[in-house]
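This is the structure I have questions about; it appears just below.
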Amino acid sequence: FERNESNKRGSMDHYTGSVGVSAKLGFMETYKSRSRLSERNRLERIEDTPDLAFLEAVDRNQLNPKPFGIVRRSGKESEIDIRMFSMGDNYAKAFSEGLKHHNSLQNLNIKSNRLTDIGAQKILSNLNPSQIRFINIAENKLGQKSVNKLVQIIAMKESSLRHLDLEHTNLGGLACIDLCKNITENNSIVFLNLSRNKIGNFAGEALGEMIKYNRSLVKLDLHYNNICGRAALCFYEGLAQNDKLEELDLSWNAQGRSFSEEIPKALSEALRLNSVLKHLDLSYNFFTLKECELISVGLDENHDLLGLHMIGNKCEVDARGFVKPCVNSENVEKGHLYKRILKPHKGTKKSSQLINCWVCEDWVEVVFKWVPGESGPEGSEPLCLHLECDSYQPDLMQKQPSGVFELKRMVPPGDLKFFFTCNTEPIKSNTYKSKALKIPLRKQLDFWGKSEVLSILSVNSLKVPESQVSYETKPRIPGLRYEIAEEELERIEWSIGISLFKDYKFDNDKLTQECFEFDWSYSKLTNLVKDPEDQEAVKQLLSEYYYFIKASFKNLSSMSGFEIPSIGKNVLSEFLNACNVLDQSYSQSDLGVNWNSTILQKEKGQKYNPGGTLVRYEFLEILIRIANDRYVRKGLSEKIAEAVEKLFEEHLINFMKKLDQNIWRMGTYVCEEVDVVLKANKLILDSVFKNYSGKKALPGQKHFVSLEEFRELCNDIGLVKENFGQREIDQCYFQAMMTQKDELYQKRHIEMNFVEFLEALSRAIDTSNPQKFAGMDLGQLSSVLPVEEDSLAKKLENSMPRLLKVCSEEVQDNFRFPTSQTYKKLLYKTK
């Protein structure tokens, strides 16, 4: 064999590396000439290349030539990554022969390759301890021989090993003891994974000593090892004195539900003393409520641990890092969704459900500000921030010397929702974007011992960018507390004069008499009742009955469906039937004659008299004509006055009293609880009135709500249903209108102003009784006033979300539903 420059294949002098297309082609050429090259190298005492050494071993063992990372298409020359290649022990010896000649190897990943103690020992034997930095031999079945080789690598002074992954390698407690004793003195290993190895209690003391004295380990994974009892106590004793370890996984180790409190107390003390640990996973250790309370005692004093995982224990970790014992925490049924803190999860999205780990979720420090006059009204303190990651619980903002309120908080990246409160009442900031919620937010919040239930339809939002920059905020620093000064309050004495009803002109004797005189003057009764004495007697009787005549007209005229309130013939017939007037003594044909006589107008030009239906004075007139025909013409009465009295007392008055709209007004509507609900939600009511008024107003005329607009509103807010249709809507509209003397030439009686609108809307809501708005149950009024669930005040309160939906966008964005504090301000004043 002549040695020359053109024939150096198979020798280290000619070796160009194990990566790339040329390396793979070279492997094929070497395979073809392996016998000749081997013989040449033996005779000339030339060192084999890794691929030739591997192929020689493959030949000796009569195996197929699979390269197993000896050559590869891509990667670094210093790395071999053949995880899950199913190598097995047969190829392990050949692979180890190739490694013997791989002078630049630093990283070796042979995870899950069906290796046993025999194959693993062969591979580990041919690694260069001063060169190898990364070993992943996880998910292979190791034994004492393999462990001994690892111990040799670790124990050597020149060892460069930094990363050692032995997950699920069947180590057991005894093998772990040998490893731990040597790692204790090692100064190079930074990452150690001993998870899923059934370590148990055997290696507890060795683990404790290792963690106590080792000065290089930064990450340690002990997941699923049943390290409990005495082993856990020893480990936590060592952890308390460790000053290097930053990340630790102790999940699934069954440390909870112990017979004594030693373990949680030892863990608590370790957390109190350790100031370097940044990331800790204690998930699924099944710590009880009491054990979680004990752990939190020491943890509360630790302001360096940034990420803590406690899923599967009777507690939760809040956004500040505090452990909060709770019964309704995640259990083992969700364990399959669990992600370990030291295992990469490439290609998987971050969970939408926060676990409040600042490390895993890359939380960011954000300074929230409220600039009085710019962000919103100046208001009064306390000013609080309510973050979604805090379940919207209040966080007091601090007032700076400049007058600006600030709060620095750690928050998760992404879309963050929040809102502010001023003196417990919700307010929206103009500084941040606003966002309408698809599902209304209802939260019971604790303002330093005082509970408030807030209902929110829109919030502020902020896009928090992902960032890895350092931050000043420390975990487990309690929020500021506001000391609420005790105020001595007294009840405000309620009256109509201080209410929203003050502008409503209620009926009185004077107005009633004026209306009667107006109607009498336009009727043709003076022609019907010719006897002066009888005429005066009739007029006196009608004056006494007129209040109920007017009230009945207002009720009946709203049933005909006309824009101008008037009574149709069918409605009148229904009324007379209900009063038992129509019988053998007085028939429909008699009514027809009286109807035709009545609708003939004495004066032309009555602009708001439709002509084919009865207006108010005509309703008054037809009742007298009916009395005359029923009693006088039949010979039952001599005088019309006597007939009128008989008609009213025997048939009409009892039914008319039921039609009095004032019964509902003064008995249900005009009261303090309704007034405070209307006042607390006046911003909504103003906006609704503005949106549903003005369609029929003349230029320059003050806006009013027409019947058409009121019908539209009731339909838009979902009041219309089987038992509440157009007839009921019209009744609510006209019954709410204030009495007007002149309904013939003036149209004020069909132009609804704001105070009339409030009553009409209240009547509609009370009659329709709509279901509570989806997702909303306000219920704040009952916390300050004793109100029944089916009261008008409660119905109005629960209907406000419906009304808000038809308000302007500005009102929808800015309105915040009243709290108990809102109602208290309307009911009480400072002494």
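The values are calculated or read from the model by the stated rules, or taken from the named source; none is laboratory data. Note that the structure is a prediction, hence the values are computed from the model and not measured. No Cβ is skipped: glycine too gets one built from the backbone with ideal geometry, and neighbour counts run over all protein chains shown.
Which numbered condition trips up I153, out of (1) modelled with pLDDT under 95; (2) in contact with a Pro (Cβ under 7 Å, 6 or more places away or on another chain); (3) among the β-branched types (V, I, T)?
Of everything listed in (1) modelled with pLDDT under 95; (2) in contact with a Pro (Cβ under 7 Å, 6 or more places away or on another chain); (3) among the β-branched types (V, I, T), I153 misses just condition (1).
Among the candidates D243, D318, which residue alone is out of contact with any Cys (no Cβ under 9 Å at 6 or more places or on another chain) and among the charged types (D, E, K, R)?
Answer to the check: D243.
Residues being loosely packed, with under 13 Cβ neighbours inside 10 Å, under 30 Å from D300 (Cβ atoms) and in contact (Cβ under 8 Å) with a residue 40 or more places away in the chain: count how many of those fall in region 481-522.
1
Scan region 660-675 for residues that are out of contact with any Ser or Thr (no Cβ under 9 Å at 6 or more places or on another chain) and of a type in the set (A, V, I, L, M) and report the count.
2
Follow-up. If only one of I189, I153, I211, I132 is in contact with a Lys or Arg (Cβ under 8 Å, 6 or more places away or on another chain) and either part of a loop (DSSP other than H, G, I, E, B) or assigned by TED's automatic domain parsing to the domain that holds S268 (or both), which one is it?
Result of the check over I189, I153, I211, I132: I189.
Here is a further query. Just give me the residues in region 68-92 being of a type outside the set (A, V, I, L, M, F, W, C) and either touching a Leu at 6+ places or on another chain (Cβ under 9 Å) or surrounded by 22 or more Cβ atoms within 10 Å (Cβ to Cβ) (or both), in sequence order.
G69, E77, S78, E79, D81, G88, D89, N90, Y91
For region 100-118, which positions are modelled with pLDDT of 95 or more and touching a strand residue (DSSP E or B) at 6+ places or on another chain (Cβ under 9 Å)?
Q106, N107, L108, N109, I110, K111, listed by residue number.
For region 630-666, give me each residue that is under 17 Å from F575 (Cα atoms) and under 60 Å from the mean Cα position of the chain (by Cα).
Selection gives L652, I653, N654, F655, M656, K657, K658, L659, D660, Q661.
In addition: Sort through G238, G172 and tell me the only one that's more than 26 Å from N140 (Cα to Cα) and either of a type outside the set (S, T, N, Q) or crowded, with 20+ Cβ neighbours inside 10 Å (or both).
Every option except G238 fails the conditions.
Between a residue in region 700-721 that is assigned by TED's automatic domain parsing to the domain that holds F757 and any residue that is part of a helix (DSSP H, G or I) and of a type in the set (S, T, N, Q), which pairs come within a Cβ distance under 6 Å, given they are 6 or more apart or on different chains?
L719/S768
I need the helices (runs of 4 or more DSSP H) fully contained in region 17-66, keeping only those with at least 1 residues that are closer than 18 Å to A92 by Cα.
50-60
Also, I was wondering about something else. Out of all the residues in region 49-58, is one or more closer than 28 Å to S112 by Cβ, acidic (D, E) and either in contact with a Lys or Arg (Cβ under 7 Å, 6 or more places away or on another chain) or surrounded by 17 or more Cβ atoms within 10 Å (Cβ to Cβ) (or both)?
yes
Give, as residue ranges, the helices (runs of 4 or more DSSP H) completely inside region 666-716 that count at least 2 residues that are under 17 Å from E751 (Cα atoms).
682-691, 707-716
Cβ-Cβ below 9 Å, separation at least six or inter-chain, first residue in region 558-584 and free of Cβ contacts under 8 Å to residues at least 24 places away in the same chain, second assigned to a loop (DSSP other than H, G, I, E, B) and of a type in the set (S, T, Y): which pairs?
N570/S560; V571/S560; V571/T613
Here is a further query. Restricting to region 737-774, give me the number of residues that are within 40 Å of the chain's Cα centre (by Cα), assigned to a loop (DSSP other than H, G, I, E, B) and within 24 Å of S791 (Cα to Cα).
The number of residues fulfilling the criteria is 6.
Tell me, which residue of region 459-476 that is among the hydrophobic types (A, V, I, L, M, F, W, C) and surrounded by 12 or more Cβ atoms within 10 Å (Cβ to Cβ) is nearest to S296 (Cα to Cα)?
V464
So which residues in region 306-325 are in a loop (DSSP other than H, G, I, E, B), small (G, A, S) and under 14 Å from T473 (Cβ atoms), if there are any at all?
Residues satisfying the conditions are A319, G321.
Regarding region 289-300, can at least one residue be identified that is farther than 17 Å from I211 by Cβ, buried (at least 23 other Cβ atoms within 10 Å of the Cβ) and hydroxyl-bearing (S, T, Y)?
There is no residue in region 289-300 that is farther than 17 Å from I211 by Cβ, buried (at least 23 other Cβ atoms within 10 Å of the Cβ) and hydroxyl-bearing (S, T, Y).
For region 782-797, which positions are in a helix (DSSP H, G or I) and at pLDDT 90 or above?
Those that are in a helix (DSSP H, G or I) and at pLDDT 90 or above: L792, A793, K794, K795, L796, E797.
From the list I311, I295, which one is under 15 Å from I341 (Cα atoms) and either at pLDDT below 95 or β-branched (V, I, T) (or both)?
Testing whether each residue is under 15 Å from I341 (Cα atoms) and either at pLDDT below 95 or β-branched (V, I, T) (or both) leaves just I311.
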